[in-house]
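Just below is one structure, and these are the notes that go with it.
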Amino acid sequence: MDTTDRTIKKEVVQIISKTKRIRPARLQAKANLMQDIGFDPVDVVDIILELEKNFHITIPDEVPIDTVGDFIEYVSTHVIRKAS
């Protein structure tokens, strides 16, 4: 994981943690947002909107995003792709 990936991961976790005021340390990559952390669909939409705004990307509705790691991977892949 290079510096860019670490920065993206940190920022994604920060955005997710801010949504429900959850300590970033609790947000492990495999944690399912709804089942493990107790987010509801509106919380997930809020996260998506915030990530789209901060990273200038679009996350389509059909993309399966269930875990913290899914968000990190999607954002990392699409931000890096746009930068190149």
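Some values worked out for this structure:
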read-out: Verdict on residue 70 being of a type outside the set (Phe, Trp, Tyr), under 18 Å from residue 10 (Cα atoms) and not in a loop (DSSP other than H, G, I, E, B); value: yes
read-out: Residues of region 44-59 classified as assigned to a loop (DSSP other than H, G, I, E, B) and surrounded by 12 or more Cβ atoms within 10 Å (Cβ to Cβ), total; value: 2
read-out: One residue from 30, 10 being among the charged types (D, E, K, R), assigned to a loop (DSSP other than H, G, I, E, B) and either in contact (Cβ under 8 Å) with a residue 24 or more places away in the chain or under 15 Å from residue 72 (Cβ atoms) (or both); value: 30
read-out: Residue that is farthest from residue 69 (Cα to Cα) [pool: residues in region 8-43 that are among the polar types (S, T, N, Q) and crowded, with 16+ Cβ neighbours inside 10 Å]; value: 19
read-out: Residues of region 33-50 satisfying the condition of being touching a residue at least 12 places away in the same chain (Cβ under 8 Å) and acidic (Asp, Glu); value: 43, 46, 50
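The numbers here are math on the coordinates, done by the rules we state, and not lab data. None of these values were measured; they are calculated from a predicted model. Quick reminder, even Gly has a Cβ in these numbers, built from the backbone with ideal geometry, and neighbours come from all protein chains shown.
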